[in-house]
Structures are given as C-alpha cells and as structure tokens.
Amino acid sequence: MPFATHRGQKIHYTVEGRGPLVVLQHGLFMDAESWRANGFVAALADRFTVACVDSLGHGLSDKPTDPALYAQDQRAGDIVAVLDALSAEKAHLVGYSMGGWMAVGVARYYPRRLASLTIGGWDLANGVPKGPSGPIRFDIFWGFSQQVAPALVSWVTPEILPGVQAAFEALNTLDGAAEAVLGAGAPVLLWDGTADPYHAPSQAFAAAHGLPFLSTPGDHLQAIMTPAPDVVVRLGEFFAEA
C-alpha cells in the first residue's frame, strides 16, 4: 500500500496501468477509490499509468485537525510528493471540485510538474457558490451534505470532522487562480456538468481565454459519480495531444 510523505503527513495513493502518468485528484468527501468506482481507472489504465491520490483528511491519508495543514500550497505539495514517489518529472493532472482547487495550487506553485491540467467541477474565478451574506458556512454545508448525500459523508466521524471543515474552508483561497492556470505553461482543459452551477462561469472563462471546454450531462455529483461514456475518451484524447 503506497504512501508518500510530505510535511510529516502520509498521503496514500494507488497506481495501476502503464504509460504516461495521469494523476487523478478527487473532491471533498470522496477518495482515491472513487475514481475506480466511477470507471475512470479501468478506462485509462490500458494507455496510461493512473495514480489516484487520497487528499489529506480523506481515504487512507492522514487526517490532522490543524487548519494550517490544509493550505493550498501544502495540498499542492502533497500531489507533487506523489509524483516524486513515482520518480515522475511531470504528470497529466485531473482535479475535480476540491481536487480542481488543489490542481490550481500545482499550477501556481509547481507548474513545471504539469504535462497538462484538467480542472473539473470548479469555478476558477469565484470558487464555492456564495450565499446571500457571503461564503457558505461549513455548518450549513455539512448539514446540507448529510441530507442530500448521506452515503457520501457516512465515513466522516466527529473526530475527523475538524479536518474536513479545514479542507472546505481552505477553498476560499482564490487569489491568483486564473493567472496561475493561464500562466502554467501546460495545456488546460476545463470540464463541468451542464446542471452544475460552475458550468456557465467555467464555460465563459474557457471561451474568453481560448481554452477547450468539456460539457457533460449531470449536476456537480452526477458528472463525476456517473460520468458520460465519452468523458474518459475526451480526456484521453486531450492527454495524447498535450
């Protein structure tokens, strides 16, 4: 069971397949195994080495409660630590939702490690949708998540909830995201489900900056948990052209 170590924290990842390295970074409440469950690993592993990373606070990775450990630069460093453990100079990085925010961090702090960058389910400019009085509080988000996706959050115990909260609240770090992605020097693909609130702003951003945009059926969860059959095909084509 492979682990990378970064700033004293163990980061779990899985690896299978052969070929150029693709790193898949999941969203909040998910884990590395999510990519296998939704078919991404099986569809990519015949052409690529596929590494799926458990984010800090998730899966089999360490789950500290110190909010400082969930800062974007440190989370990006977790992904790069996996590249280092695999002796990989670069990787095609796919980040979805929170993983998209983490991928922005790699573009900001470690751009030379990117062969390409795919950001799904994330609004580069605005981040998490705001409520009437500003950023959504975690207690409201947590209660909503328990109601609409109880199976997805069932693993979150009271002991590790502070770490999950820190991961959520860190998503408000947005300064320089667009500049980091556009200046990373790697091909960029944006991807969102048509019913995802992120779809319209991401599509507009892609159009404004001449980036390819992958529009697929479903809302924020459906687009990743039950992806359209052509999603992985399109991703594979993007990696091959990068």
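What number of residues within the stretch 208-227 are within 28 Å of residue 45 (Cβ to Cβ) and open to solvent by 20 Å² or more (accessible area, probe 1.4 Å)?
Selection size over the stretch 208-227: 12.
Looking across 132, 162, one residue alone is farther than 22 Å from residue 75 by Cβ, open to solvent by 50 Å² or more (accessible area, probe 1.4 Å), out of contact with any Cys (no Cβ under 7 Å at 6 or more places or on another chain) and not hydrophobic (A, V, I, L, M, F, W, C). It is 132. Considered as a group, the residues in the stretch 119-145 that are in contact with a Pro (Cβ under 9 Å, 6 or more places away or on another chain) and in contact (Cβ under 8 Å) with a residue 40 or more places away in the chain include one that is farthest from residue 23 (Cα to Cα), and that residue is 129.
Within the stretch 166-175, work out how many residues are assigned to a loop (DSSP other than H, G, I, E, B) and of a type in the set (Asp, Glu).
Of the residues in the stretch 166-175, 1 are assigned to a loop (DSSP other than H, G, I, E, B) and of a type in the set (Asp, Glu).
Number of residues in the stretch 170-200 that are open to solvent by 40 Å² or more (accessible area, probe 1.4 Å) and at pLDDT 95 or above: the value is 8. When residue 205 is tested against the conditions (1) outside any loop (DSSP other than H, G, I, E, B); (2) hydrophobic (A, V, I, L, M, F, W, C); (3) surrounded by fewer than 17 Cβ atoms within 10 Å (Cβ to Cβ), the lone failure is (3).
Yes or no: the stretch 69-78 includes at least one residue that is out of contact with any Cys (no Cβ under 8 Å at 6 or more places or on another chain), free of Cβ contacts under 8 Å to residues at least 60 places away in the same chain, under 23 Å from residue 184 (Cα atoms) and not charged (D, E, K, R). Taking every residue of the stretch 69-78 in turn, at least one turns out to be out of contact with any Cys (no Cβ under 8 Å at 6 or more places or on another chain), free of Cβ contacts under 8 Å to residues at least 60 places away in the same chain, under 23 Å from residue 184 (Cα atoms) and not charged (D, E, K, R). Residue 79 meets all of the listed conditions (1) more than 13 Å from the chain's Cα centre (by Cα); (2) more than 27 Å from residue 195 (Cα to Cα) but one, namely (1).
Taking the criterion of being more than 19 Å from the chain's Cα centre (by Cα) and of a type in the set (A, V, I, L, M), the residues of the stretch 157-190 that qualify are 160, 161. Taking the stretch 1-27 as the range and being open to solvent by less than 50 Å² (accessible area, probe 1.4 Å), within 18 Å of residue 37 (Cβ to Cβ) and within 19 Å of the chain's Cα centre (by Cα) as the test, the residues that pass are 12, 13, 14, 22, 23, 24, 25, 26, 27. For residue 86, the conditions (1) over 14 Å from residue 171 (Cα atoms); (2) crowded, with 21+ Cβ neighbours inside 10 Å; (3) not hydroxyl-bearing (Ser, Thr, Tyr) are fulfilled apart from (2). In the stretch 39-72, the residue that is most open to solvent (accessible area, probe 1.4 Å) out of those that are under 18 Å from residue 12 (Cα atoms) and among the acidic types (Asp, Glu) is 62.
Check every one of the strands (runs of 3 or more DSSP E) wholly within the stretch 1-83 and list those with 3 or more residues that are in contact with a His (Cβ under 9 Å, 6 or more places away or on another chain) and more than 17 Å from residue 119 (Cβ to Cβ).
On the way: elements: 3-6, 9-17, 21-25, 49-53.
In the stretch 1-83, there are no strands (runs of 3 or more DSSP E) which contain 3 or more residues that are in contact with a His (Cβ under 9 Å, 6 or more places away or on another chain) and more than 17 Å from residue 119 (Cβ to Cβ).
The values are calculated or read from the model by the stated rules, or taken from the named source; none is laboratory data. The model shown is predicted, which means the values in this text are computed figures rather than measured ones. Because the Cβ atoms are built from the backbone with ideal geometry, glycine has one as well, and the counts that use them run over all protein chains shown. These accessible areas exclude ligands, DNA and RNA; they are computed on the full protein's heavy atoms, side chains included. Shrake-Rupley method; radii C 1.70, N 1.55, O 1.52, S 1.80 Å.
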